[in-house]
Amino acid sequence: MFDYHIHPNYSIDAEGEVDEFCQVALDIGLKEIAFTTHMDTDRVAEDCYVNVRGKRVDVGSSFWFEDYESTIRTAGDHYKDLGLQVILGVEVDCYPGVQDALPDKFYSTDFDLIIGSVHLIDHIAISANGRANEAFRKFSVEELGERYYTILIDSMDLEIFDILAHIDLYRRFGEIFYGNKIHEIWKPHLEGLSKKMLSKNVGFEVNTSPLRKGMQQPMPEERIIKALRRAGIDTVTVGSDAHFPADIGKGIKTALDMIKESGFEGLSVYRRRKATFVPWSDLTDEKEN
Ligand SMILES: [Zn+2]
Ligand SMILES: [Zn+2]
């Protein structure tokens, strides 16, 4: 079993050293994990920091890329012998103009996996309780869908993303604000989204964090997973979005069942930004959470 979305304490909203996450991953029988520290570079939205050895540093500084890469690679060498693959990833927050804000060191770092995700609409974090309503008040539910999916679809033109994270993130706080209509806003954008994913060779993840927060469905919800499969998408990963070691691997089994039922024939793994397809038959049954 894999967990392809993990935030160690380089992310300012996460706790736990890389080593602690690896240890839990081993304990619960995971075979492969991806660390995916946030890269928030929108200076208007702020929070453009990472933590490095107890110090808050600007996300643009070379120092953190070097420290992060060497820490993950060292963990990779150590845990490989114990049966756990550890890969170097990053989660880039997408917004119009992000490509110019990403530091040179981002482009020169040898990542295994680059995840793209949308958290900001008009510089406001729709993933943050309280703040999300500031964005929602500006838009009808249809306009929100238009804004959100335009950023997501256009971001693939940058050709720097392997996987899109939590495709329907707006649902988390949007459901309370907009009601059930929030569950429909992906529909007009699905064709444009899937066509761009296919042409740019970008997959998506099933993110299990909502399952720990009282929601019934992962992100994206099952209907979107099925719709993407019907549209020809076959590249999918699964991740807990753990910000604490104890959350690693949580909900992955539920997500895998859903992915299988939706017609996917396996998962993809990444090395140096190259995807390898792994059929279900090669993903053995391990201890599951
Ligand atoms: Zn995210
Ligand atoms: Zn994340």
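The values are calculated or read from the model by the stated rules, or taken from the named source; none is laboratory data. Because the structure is predicted, anything quoted here is derived from the model rather than measured. Positions of Cβ are generated from backbone atoms using ideal geometry, with glycine treated the same way; all protein chains shown enter the neighbour counts.
Taken over the stretch 252-265, residues that are surrounded by fewer than 18 Cβ atoms within 10 Å (Cβ to Cβ) and without any contact (Cβ under 8 Å) to a residue 40 or more places away in the chain amount to 5. If you take the residues in the stretch 93-122 that are hydrophobic (A, V, I, L, M, F, W, C) and part of a loop (DSSP other than H, G, I, E, B), which one is surrounded by the fewest Cβ atoms within 10 Å (Cβ to Cβ)? Residue satisfying both the conditions and the ranking: LEU102. Within the stretch 123-145, does at least one residue satisfy the condition of being under 18 Å from PHE2 (Cα atoms), crowded, with 20+ Cβ neighbours inside 10 Å and away from ligand 2 (no atom under 16 Å from the Cβ)? For the stretch 123-145, residues under 18 Å from PHE2 (Cα atoms), crowded, with 20+ Cβ neighbours inside 10 Å and away from ligand 2 (no atom under 16 Å from the Cβ): absent. So is ASN129 farther than 22 Å from HIS243 by Cβ and either among the aromatic types (Phe, Trp, Tyr) or in contact (Cβ under 8 Å) with a residue 24 or more places away in the chain (or both) or not? Here the answer is no, as ASN129 does not meet what is asked.
Taking every residue in the stretch 272-284 that is surrounded by 11 or more Cβ atoms within 10 Å (Cβ to Cβ) and pairing it with any residue that is among the β-branched types (Val, Ile, Thr) and assigned to a strand (DSSP E or B), at least 6 positions away or on another chain, the pairs with Cβ-Cβ distances below 8 Å are ARG273/ILE114; ALA275/VAL269; VAL278/VAL269.
With respect to being surrounded by 21 or more Cβ atoms within 10 Å (Cβ to Cβ), modelled with pLDDT of 95 or more and out of contact with any Ser or Thr (no Cβ under 9 Å at 6 or more places or on another chain), LEU88 falls outside the description.
Looking at ILE153, ILE160, just one residue is under 23 Å from LYS226 (Cα atoms), in contact with a helix residue (DSSP H, G or I) (Cβ under 9 Å, 6 or more places away or on another chain) and not acidic (Asp, Glu), and that residue is ILE153.
Counting only strands (runs of 3 or more DSSP E) wholly contained in the stretch 152-271, no element carries 1 or more residues that are in contact with a strand residue (DSSP E or B) (Cβ under 9 Å, 6 or more places away or on another chain), more than 20 Å from GLU32 (Cβ to Cβ) and among the hydrophobic types (A, V, I, L, M, F, W, C).
Would you say TYR148 is within 24 Å of ASN207 (Cα to Cα) and among the aromatic types (Phe, Trp, Tyr)? So TYR148 fits the description; yes. Of the residues making up the stretch 47-58, not a single one is surrounded by 16 or more Cβ atoms within 10 Å (Cβ to Cβ), touching a His at 6+ places or on another chain (Cβ under 7 Å) and either within 30 Å of ILE121 (Cβ to Cβ) or without any contact (Cβ under 8 Å) to a residue 12 or more places away in the chain (or both).
Provide a single number: the residues in the stretch 75-87 that are part of a loop (DSSP other than H, G, I, E, B) and not charged (D, E, K, R). Don't jump to the end; show me each part of the working.
In the first step, residues of the stretch 75-87 are kept if they are part of a loop (DSSP other than H, G, I, E, B); the result is 81-84.
Checking which are not charged (D, E, K, R) leaves us with 82-84.
Result for the stretch 75-87: 3.
What about VAL90, is it within 16 Å of ligand 2 (Cβ to nearest atom) and either assigned to a loop (DSSP other than H, G, I, E, B) or in contact (Cβ under 8 Å) with a residue 40 or more places away in the chain (or both)? Here the answer is yes, as VAL90 does meet what is asked. Only residues that are without any contact (Cβ under 8 Å) to a residue 24 or more places away in the chain and buried (at least 24 other Cβ atoms within 10 Å of the Cβ) were counted in the stretch 4-38, giving 0.
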